[in-house]
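K.L.:
There's a structure below that I have some questions on.
Rule-based calculations on the coordinates, nothing more; no lab input. Here the structure is a predicted model, which is why all the values come from computation and not from measurement. FYI the Cβ positions are ideal-geometry reconstructions off the backbone, even for glycines, and counts take in every protein chain you see.
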Amino acid sequence: MPLKQYAPVIHVYPAYYHEGLPGSMSDCLVRQSVVERLLRAASVLPVDHRLVVLDGWRPLEVQQSLYDRLKNQLLEQGWTESDAFYEELHRYVARPTNNPARPPRHLTGGAVDLTITGPDGWLDMGTLFDDFSERASTRFFELYEPAENYELRIRDNRRMLYHAMIHAGFTNYSDEWWHFDFGNQAWAVVTGAPIADYGGILHGT
């Protein structure tokens, strides 16, 4: 389901389209059940706050571009290809595959990346979207025990997003404050569901 039709309740900013990534789209697509849960999450946000969806269903071409980009970045940082190298790479970007038994999360239409905007613009979440550092982990500002006021605001902003999404039935990928799942294999593992509701979708509609 295209998400722009749900504006202004949900804002859509397709990050990879704005980056000009090959194969990216000008809207964000997700499963109908994901739309329903996003609307539920949006309903519990404070007045004048809205969800901003950055990415949903991701074509394999985009997945491949992201995979290659991070792989090259790690190599430029001095990594060499090894088990540890691929463990770090796959921590942030799934291997592109159309294998129905192990689809990347975003290929299922059951994964969504998002943040929150308020009266003064996007809330400060402590890192940019797609920041691949320890600070991007969802609980970083919980475990770090921030003392500065701006760090406390970041912690509270992340809590707002997390609790709204969990309330709506999503699960969170703990290394990325912006990433949430519903119905896919990652969601099934966390919730204890016997099987995932969704497999991969090769073509968006």
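K.L.:
On alpha carbon coordinates alone, what is the Rg over Rh value for region 51-104, Rh being the Kirkwood radius?
P.N.:
Values: Rg = 12.6 Å, Rh = 12.3 Å.
Here Rg/Rh amounts to 1.02.
K.L.:
What is the diffusion coefficient of region 113-160 in µm²/s, taking the Kirkwood radius over Cα pairs and the Stokes-Einstein relation at 25 °C with a viscosity of 0.890 mPa s? Don't skip to the end; give the middle numbers.
P.N.:
Working: Rh = 11.1 Å.
Reported coefficient: 221 µm²/s.
K.L.:
If you don't mind, another one. State to the nearest 20 debye the size of the charge dipole of region 4-191 about its Cα centre, where the only charges are +1 on K and R beta carbons and -1 on D and E beta carbons.
P.N.:
Values: 18 positive and 26 negative charges, 153 e Å.
With only Lys, Arg, Asp and Glu charged at Cβ, the dipole is about 740 debye.
K.L.:
What ranking do 56-62, 81-87, 140-146 get when scored by the average of other Cβ atoms within 10 Å per residue, highest first?
P.N.:
Working: 56-62: 22.1, 81-87: 10.6, 140-146: 15.0.
Highest-to-lowest ranking by the protection proxy: 56-62, 140-146, 81-87.
K.L.:
Here is a follow-up. Determine the principal axes of the Cα atoms in the chain, then give the extent along each, sorted from largest to smallest and rounded to whole angstroms.
P.N.:
In descending order, the Cα extents are 45, 40, 37 Å.
K.L.:
May I ask for the distance between the Cα centers of region 67-108 and region 120-154, given as a whole number of Å?
P.N.:
24 Å
K.L.:
Further question: For region 14-72, state the semi-axes of the equivalent ellipsoid (square roots of 5 times the eigenvalues of the alpha-carbon gyration tensor), sorted largest first and rounded to whole angstrom.
P.N.:
Numbers: eigenvalues 146, 32, 19 Å².
Over the Cα atoms of region 14-72, the semi-axes work out to 27, 13, 10 Å.
K.L.:
Now, a different point. Report the FRET efficiency, 1/(1 + (r/R0)^6), for Thr80 and Leu143, where r is their Cβ-Cβ distance and R0 is 35 Å, rounded to 0.05.
P.N.:
On the way: r = 30 Å, r/R0 = 0.86.
FRET efficiency, Thr80 to Leu143: 0.70.
K.L.:
Taking the Cβ of each residue in Asp120, Asp131 as the centre, tally the other Cβ atoms inside 10 Å and list the residues starting with the fewest. Walk me through the numbers before you get to the answer.
P.N.:
Numbers: Asp120 8, Asp131 15.
In increasing order of surrounding Cβ atoms, one gets Asp120, Asp131.
K.L.:
Report the semi-axes of the equivalent ellipsoid for region 93-140 in whole Å, largest first, where each axis is √(5λ) for an eigenvalue λ of the Cα gyration tensor. Please report the intermediate quantities before stating the final value.
P.N.:
Working: eigenvalues 154, 41, 12 Å².
Square roots of five times the eigenvalues give 28, 14, 8 Å.
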